[in-house]
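Just below is one structure, and these are the notes that go with it.
The values are calculated or read from the model by the stated rules, or taken from the named source; none is laboratory data. On a predicted model such as this, the values are computed, not experimentally measured, just so you know. Protein only, heavy atoms only, side chains kept; ligands, DNA and RNA dropped before computing areas. Shrake-Rupley method; radii C 1.70, N 1.55, O 1.52, S 1.80 Å.
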Amino acid sequence: MRVVKEANERKNEILDAAERLFGSKGFDHTSTNDILKEVGIARGTLYYHFSSKEEILDAMIERMTGRLIEKARAIGAQKDIPVLQRLTMMILSLNVDDAELNAKLGRELLAQMHKPENALMHRKMERSLFDGIIPLLTELVEEGVAQGVCQTEYPKEAVEMTFLYASTAFDDLMEYRKEERERKITAFIYHLERLLNMERDSLKTTMLPIFCRNDGQEIS
């Protein structure tokens, strides 16, 4: 007897299968036939939901980044936490090496994204994150400006520079030696203070504990 499933349920089954296969084989080495076999559906069913393998990739990344953005949005809404602490927490919440995110998104897929042959996957992920998170981070900086805790006439541009640096420098923070990690974190805080026209070390006590919780290391 043929099992008929709701469109969203079937679509998510296809995306789940794509995540597993892209994670184990990579995007280029996964065929639509592989996905069909993994889900156990006919080609017509696959093409009813997605017109191509790249469209599957786009939908998969949209779903993945949606989870990250919702996590960041929840952090931004915690008004009882100081605004610049929320800013740091939000940036670090996007670290795809985070254990919780690894469990949700799939460790193998995240590893595949960093391989040169899967550059398309990585670029699409970064672009989707950038588009979704910049407005949230900008709101926090504007909130900080309104409170007088920082100052910039270009909050969105300041956020874009901060995000682009952080997403590159801290994506693999745990792989650095202790001295390198400490230097990168200290430099990040220093330059963010300059960018937001704040006194030196004014962010240090707020941000260092967050970094320590995130990577499990103590910073002197």
Original post:
How large is ³J(HN,Hα), in whole Hz, for each residue of region 62-68 in order, when computed from phi with the Karplus curve 6.51 cos²θ - 1.76 cosθ + 1.60 and θ = phi - 60°, using x for Gly and Pro?
Top reply: 4, 5, 5, 5, x, 5, 5
Original post:
Quick one: ranking 204, 37, 79, 53 by accessible area, 1.4 Å probe, largest first, what do you get?
Top reply: 37, 79, 204, 53
**OP:** Kindly flag which residue pairs out of 11/71; 25/53; 79/156; 11/37 have an alpha-carbon separation exceeding 18 Å in this structure.
**Re:** 11/71; 79/156
Original post:
What per residue convex hull volume, in Å³, do the alpha-carbon atoms of region 25-98 yield?
Top reply: 117
